[in-house]
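This report concerns only the one structure given below.
The values are calculated or read from the model by the stated rules, or taken from the named source; none is laboratory data. Note that this is a predicted model, so its numbers are computed, not measured. Please note: Cβ atoms are built from the backbone with ideal geometry, for glycine as well, and neighbour counts cover all protein chains shown. Each accessible area value is taken on the protein alone, full model and side chains, heavy atoms only, with ligands, DNA and RNA left out. Shrake-Rupley method; radii C 1.70, N 1.55, O 1.52, S 1.80 Å.
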Protein chains: 2
Amino acid sequence: MYRSHTCGELRSAHINQEVTLSGWVQKVRDKGFMVWVDVRDRYGITQLIFDEERTPKAVFEKAQGLGREFVIQVTGKVIERVSKNPNIPTGDIEILVTDLTVLNTAKTPPFTIEDETDGGEDLRMKYRYLDIRRNPVKNSLLFRHKVAMQVRNYLSNEGFIEVETPYLIKSTPEGARDFVVPSRMNEGQFYALPQSPQTFKQLLMVGGMDKYFQLVKCFRDEDLRADRQPEFTQIDCEMAFVEQEDILNIFEGLTRHLLKEIHGFEIASFPRMTYAEAMKKYGNDKPDIRFGMEFGELNEVAQHKDFKVFNDAELVVGIAVPGANSYTRKEIDKLIDWVKRPQVGALGMVYVKCNEDGSFKSSVDKFYDQEDLAKWAEATGAKPGDLICILSGATNKVRAQLSALRMEMAERLGLRKPNEFAPLWVVDFPLLEWDEETARYHAMHHPFTSPKPEDFSLIETNPGEVRANAYDLVLNGNEIGGGSIRIHDKELQSRMFSLLGFTPEQAQEQFGFLMNAFQYGAPPHGGLAFGFDRLVAILGGQETIRDFIAFPKNNSGRDVMIDAPATIDDEQLKELHIKLNV
Amino acid sequence: MYRSHTCGELRSAHINQEVTLSGWVQKVRDKGFMVWVDVRDRYGITQLIFDEERTPKAVFEKAQGLGREFVIQVTGKVIERVSKNPNIPTGDIEILVTDLTVLNTAKTPPFTIEDETDGGEDLRMKYRYLDIRRNPVKNSLLFRHKVAMQVRNYLSNEGFIEVETPYLIKSTPEGARDFVVPSRMNEGQFYALPQSPQTFKQLLMVGGMDKYFQLVKCFRDEDLRADRQPEFTQIDCEMAFVEQEDILNIFEGLTRHLLKEIHGFEIASFPRMTYAEAMKKYGNDKPDIRFGMEFGELNEVAQHKDFKVFNDAELVVGIAVPGANSYTRKEIDKLIDWVKRPQVGALGMVYVKCNEDGSFKSSVDKFYDQEDLAKWAEATGAKPGDLICILSGATNKVRAQLSALRMEMAERLGLRKPNEFAPLWVVDFPLLEWDEETARYHAMHHPFTSPKPEDFSLIETNPGEVRANAYDLVLNGNEIGGGSIRIHDKELQSRMFSLLGFTPEQAQEQFGFLMNAFQYGAPPHGGLAFGFDRLVAILGGQETIRDFIAFPKNNSGRDVMIDAPATIDDEQLKELHIKLNV
């Protein structure tokens, strides 16, 4: 038996008990006649005391030889601490050690195993197994487990069945993003790793499973942007005999349950917003509504004067930044530089300072009078003390630019509070989006997403206006997940394919087995998927997912700890019927 | 709203309520003036009645046009059935339908959607989504979910944390069995899919996670034997600061919990048997102990006469088959043919009939008298009425042969009862096994398995005799899983590698990152893994795992439903920096 208790367990009530603990040496303080050692495990830290008078000599000397991260086992008596430490749960006691075994020595770790470590990101990734010993990472993994258990138990109680779908599947039309796996037994053929279990979950609905879920790894071979991983985890769900409302209710229930169980945060019902409204009010389909700064469209009140920049613009739109009237000219110039950075891409910015006395001072005073500016303030909801920031240009572009500015200002003003939660359903997404490159419409979600029946008449005349039964859950400005009601009618599906530019033959080749399955009695169905890594991070009050993944990959898709990917030998390539082409 | 109730929900208490149901048409009986339709969903079957007098004419006619597996929605009143059906929970009621919507039509399915279907294995696999509608498959998937939830909740309550380990890892020394994934971003390099998360779980122990588990997909590119899948699910576990006893206790607790929760089957503690004992008594390291027929070794009582076959044999060993004295000469000859089949490989079989009067009749009466045969009966535990079957030859071979015969006879005698559960720990596995092909010792489990300290002195002189701290859980003659205490001492690990024929350089290259990790304070640790597919099948009273996997692959590793693996296009190959070599 290596331990009678964990290092986080002992309290005053245990005083005088003989106990055995095992763990890692966090810290050694050697005063010559007395040695204190903090021993650490997953559960906490306990102080050990070795004392020249009361500890056997051999044990005392061994204690003096301990180094950081040595693995030890000690036996001793729980005693009351002279100077208690109220910051840790075991702070009232310490162990007077009578026996010490070094279970393993340790090289000095390349960074300190402390909450605030001296190790940089790269070093910590290389030695991830040491990084995991640190509270911030360890607690993130414990938290992830807790959330996963909550999700599973909630959905299971709601009648959902977790079904494991296969990992070795078939390459899909969007094949370029598939990771593939050469088959040894089927010469010249490849499996693909799933980007999502989409088709399988739809087949499970055809199979009558009724309510399906799965916490499942998915794979996407994309050039990695920051905070993207080539393998990621999804809460994947599908339901039969449901309408959009049923699905929103279930997953609103799940999210509410998580917020309550984890944070004690209660919210009666989640607001809903159409995609059109979100774009108009926030320039973004995943608005952070923890704070205001809603867009005010100014075309009507800004295009009547001689200011050509505004008059030529498709959209003139502004936000009122609370309290930013105090910005100096220099600070505002820096802000203008910020919006002109290529990542944002605005050509310039007009501003209006809203003075406490109700007057306005703008960068376009040449063109607009106080009455004009008062109307701008009204449209943007600006109050005395605010700074109105106005961008103009092509609608889509200027909305994205102003959205970026809005988020930046919220960040600067501390309005994106990690412990506040503002969920939001964005509904009525467009069915199709125009792709400049291929000069045709693409399915915004996927080709099985159903259009809203009332919009379907527009499908030939004005396809871009057709809304889908598709929805996203947004939490604190992050897309947590989304889904749609699927098409289950063969006729409608055929029309959709032809609209998306598929010949019947192509549709059959690419979606054949699902189309075939649909001939044998497909129920109405729909579903959604949540990005689990991001959900956990946001619930944990973080924006970055990496600490919530035990062994993440870097931006080149490498695991720097195990040094993967790596070369494989010629014999193996030969068995797989492939050659390198480098 | 597609339904107010499911098809398994309505009872007498609902009589007179108006309800809406949705589901699939199981059966239509059209009597001309009356039509009965059974409608089915995941939850059950409800009888609908359409009646010329009481049902609107249009609805009645629509009902007459329904076909098998059409998807329908009906509204109507719950009424009492005239002739009740006690075999289904909804058998007391039926729905007098007032409204019927055909949500989807269906082609006639290629096999009947009944518990006993007319579809063969291949057809059912091709249309797996229809096969899943059948109770036996559907219930197996529901059962799997239930077991998975029990496992997760049990381990979570025991303080285990589920940590997701990566799927895109590095090819291992036993590389030939790895599925690999070419990296687009890292030219000429490959990820490998994990055969198990072994190294990652050991790193989690180095990282202080203390108690880890995961229900995780694993991958092995082996030539598939019957009932093997290229992707399979494991309950993977690891614990730090534990001895073998701690691990056995936890997972005995888990298994006992499952047997109790699922089958109400209680068992105080699992018997334990050493590997040596299992081989001696059952010729097998995963004996089915639901029945007896223990081996009786007969060397002492069968090698004193002139029977050369026995005298030349390393081992003479028999079993007493209960009640098989009644076998005719012809039946026994067929049994002898059975043991001589190449799959078993015996050269012949000696038998002794134990007559009810206490006398014996054997095939070797020429050589042995009644007194000899009485001793054989004693050694094999044979009673009057039994048939003693005796094989002889080289120890390992003859044990395997007799084990096969023992299982065959148990099968024929109906002793392998699917609803009886006989768990067993097999412990003290050999550390090493001799490989004829490479003429050297291999790690029986893996190179990190720790030898028993008391046997370690034999390691240079008699390596084959060294026992490991390794154990298997056997249930009803199936290996459910196994594990070991790992080596955490660097010295011991180095000696193990050299014993296994690794140079220090090779050891570093192949196990480098784990060895490096071990330098930073590795705790004593150990663990185990259960094969989840098999565990679920056995708990479900089945021997074959395929029905417990939603979308299994066939023996060539193909998914015949989606037709994977498949070719991919040249563009994609080029992006992945590989060429075909076919």
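Taken as a whole, the condition of being buried (at least 17 other Cβ atoms within 10 Å of the Cβ) and outside the structural domain of B:VAL398 (by TED's automatic domain parsing) applies to B:ASP221. Among the residues making up the stretch A:518-560, those that are over 23 Å from A:LYS211 (Cβ atoms), among the small types (Gly, Ala, Ser) and more than 13 Å from chain B (Cβ to nearest Cβ) are A:ALA537, A:GLY540, A:GLY541.
Scoring B:SER22 on the criteria (1) modelled with pLDDT of 95 or more; (2) loosely packed, with under 15 Cβ neighbours inside 10 Å; (3) under 24 Å from A:HIS488 (Cα atoms) leaves a single failure, condition (2).
Among the residues of the stretch A:369-405, the ones that are part of a strand (DSSP E or B) and open to solvent by 10 Å² or more (accessible area, probe 1.4 Å) come to 2 in all.
Scanning the stretch B:7-18 for residues that are touching a residue at least 12 places away in the same chain (Cβ under 8 Å) and either of a type outside the set (A, V, I, L, M, F, W, C) or more than 14 Å from chain A (Cβ to nearest Cβ) (or both) yields B:GLY8, B:GLU9, B:LEU10, B:ARG11, B:SER12, B:HIS14, B:ILE15, B:ASN16, B:GLN17, B:GLU18.
Residues in the stretch B:417-450 that are in a loop (DSSP other than H, G, I, E, B) and of a type in the set (S, T, N, Q) were compared, and the one that is least open to solvent (accessible area, probe 1.4 Å) is B:SER450. The lone criterion from (1) over 20 Å from the mean Cα position of the chain (by Cα); (2) open to solvent by less than 50 Å² (accessible area, probe 1.4 Å); (3) among the aliphatic types (A, V, I, L, M) left unmet by A:VAL309 is number (2). Annotation for the stretch A:186-203: at least one member residue is under 25 Å from B:PHE111 (Cβ atoms), surrounded by 24 or more Cβ atoms within 10 Å (Cβ to Cβ), at the interface with chain B (Cβ under 8 Å from one of its Cβ atoms) and not aromatic (Phe, Trp, Tyr). Within this structure, A:LYS340 fails the test of being open to solvent by 60 Å² or more (accessible area, probe 1.4 Å), in the same structural domain as A:ILE480 (by TED's automatic domain parsing) and without any contact (Cβ under 8 Å) to a residue 12 or more places away in the chain.
Residue-wise test of (1) in the same structural domain as A:MET349 (by TED's automatic domain parsing); (2) exposed (fewer than 14 other Cβ atoms within 10 Å of the Cβ).
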{"site": "A:PHE251", "(1), (2)": "no, no"}
{"site": "A:LEU258", "(1), (2)": "no, no"}
{"site": "A:ALA268", "(1), (2)": "no, yes"}
{"site": "A:MET279", "(1), (2)": "no, no"}
{"site": "A:ASN284", "(1), (2)": "no, no"}
{"site": "A:PHE295", "(1), (2)": "yes, no"}
{"site": "A:HIS304", "(1), (2)": "yes, yes"}
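For the stretch B:133-141, check the following and say yes or no: at least one residue is more than 7 Å from chain A (Cβ to nearest Cβ), among the small types (Gly, Ala, Ser) and touching a Gly at 6+ places or on another chain (Cβ under 8 Å). Checking the stretch B:133-141: at least one residue is more than 7 Å from chain A (Cβ to nearest Cβ), among the small types (Gly, Ala, Ser) and touching a Gly at 6+ places or on another chain (Cβ under 8 Å).
Quick check: anything in the stretch B:488-502 within 13 Å of another protein chain (Cβ to nearest Cβ) and in contact with a His (Cβ under 7 Å, 6 or more places away or on another chain)? So far as the stretch B:488-502 goes, yes, one or more of its residues are within 13 Å of another protein chain (Cβ to nearest Cβ) and in contact with a His (Cβ under 7 Å, 6 or more places away or on another chain). The requirement of being surrounded by 14 or more Cβ atoms within 10 Å (Cβ to Cβ) and within 26 Å of the chain's Cα centre (by Cα) is fulfilled nowhere in the stretch A:76-83; no residue meets it.
Taking the conditions exactly as written (part of a helix (DSSP H, G or I), of a type in the set (Asp, Glu), touching a strand residue (DSSP E or B) at 6+ places or on another chain (Cβ under 9 Å) and modelled with pLDDT of 95 or more), does B:GLU408 satisfy them or not?
Against the criterion (part of a helix (DSSP H, G or I), of a type in the set (Asp, Glu), touching a strand residue (DSSP E or B) at 6+ places or on another chain (Cβ under 9 Å) and modelled with pLDDT of 95 or more), B:GLU408 does not qualify.
Inside the stretch B:325-338, residues that are out of contact with any Phe, Trp or Tyr (no Cβ under 9 Å at 6 or more places or on another chain) and under 21 Å from B:GLY283 (Cβ atoms) make up a count of 2. If you go through the stretch A:54-70 one residue at a time, do you hit one that is among the basic types (Lys, Arg) and either at pLDDT below 95 or surrounded by fewer than 17 Cβ atoms within 10 Å (Cβ to Cβ) (or both)? For the stretch A:54-70, residues among the basic types (Lys, Arg) and either at pLDDT below 95 or surrounded by fewer than 17 Cβ atoms within 10 Å (Cβ to Cβ) (or both): present. The set of residues from the stretch B:231-262 being touching a Phe, Trp or Tyr at 6+ places or on another chain (Cβ under 7 Å) and either among the aromatic types (Phe, Trp, Tyr) or within 23 Å of B:PHE143 (Cβ to Cβ) (or both) comprises B:GLU231, B:THR233, B:GLN234, B:ILE235, B:ASP236, B:CYS237, B:PHE241, B:GLU252, B:LEU254, B:HIS257, B:LEU259.
Here is a yes/no grid of residues against (1) closer than 27 Å to A:HIS5 by Cβ; (2) β-branched (Val, Ile, Thr):
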residue	(1), (2)
B:GLN244	yes, no
B:ASN249	yes, no
B:LEU259	no, no
B:ILE267	no, yes
B:MET273	no, no
B:GLY296	no, no
B:GLN303	no, no
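Take A:SER156 and decide whether it is at the interface with chain B (Cβ under 7 Å from one of its Cβ atoms), open to solvent by 10 Å² or more (accessible area, probe 1.4 Å) and hydroxyl-bearing (Ser, Thr, Tyr). So A:SER156 fits the description; yes. Can you name the number of the only condition in (1) in a strand (DSSP E or B); (2) open to solvent by 50 Å² or more (accessible area, probe 1.4 Å); (3) under 26 Å from A:ARG134 (Cα atoms) that A:VAL39 fails? Going through the list (1) in a strand (DSSP E or B); (2) open to solvent by 50 Å² or more (accessible area, probe 1.4 Å); (3) under 26 Å from A:ARG134 (Cα atoms), A:VAL39 breaks only (2). Tell me yes or no: at least one residue of the stretch B:35-58 is of a type in the set (Phe, Trp, Tyr) and under 21 Å from A:VAL206 (Cβ atoms). For the stretch B:35-58, residues of a type in the set (Phe, Trp, Tyr) and under 21 Å from A:VAL206 (Cβ atoms): present.
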